[in-house]
1. Looking for whichever is among the small types (G, A, S), modelled with pLDDT under 95 and either on the phi < 0 side of the Ramachandran plot or part of a helix (DSSP H, G or I) (or both) here; the options are G32, G17. Which one fits?
2. Inside the range 44-55, can you point out the residues that are open to solvent by 80 Å² or more (accessible area, probe 1.4 Å) and either of a type in the set (K, R) or assigned to a strand (DSSP E or B) (or both)?
3. Output the number of residues of the range 56-72 satisfying the condition of being free of Cβ contacts under 8 Å to residues at least 40 places away in the same chain, out of contact with any Lys or Arg (no Cβ under 7 Å at 6 or more places or on another chain) and surrounded by fewer than 17 Cβ atoms within 10 Å (Cβ to Cβ).
Amino acid sequence: MKNILLISFVAILNLNGTSVIKSDVYLCDSPGGKKYHYNKSCRGLSNCKHEIIKVSLKKAQNLGKTLCGFED
């Protein structure tokens, strides 16, 4: 059986069409937070009553966070 290596990353296109790999995301540091956000000013973070923190995409996914619906 072959071993398969999966690498997770997100590519975002700049206005000029080149891609940029996003490795950091934003979370509301509350016990009930379930989503991560690429943009710190995402409207999905507007109700956050706790600190907004920056973490790696990998850490957010390891914590069980999923991408905010406003950004997918």
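1. G32
2. Of everything in the range 44-55, those that are open to solvent by 80 Å² or more (accessible area, probe 1.4 Å) and either of a type in the set (K, R) or assigned to a strand (DSSP E or B) (or both) turn out to be K49, K54.
3. Count: 8.
The values are calculated or read from the model by the stated rules, or taken from the named source; none is laboratory data. All values derive from a computational prediction rather than experimental measurement. Heads up, the Cβs are rebuilt from the backbone with ideal geometry, glycines too, and the neighbour counts pull from every protein chain shown. Each accessible area value is taken on the protein alone, full model and side chains, heavy atoms only, with ligands, DNA and RNA left out. Shrake-Rupley method; radii C 1.70, N 1.55, O 1.52, S 1.80 Å.
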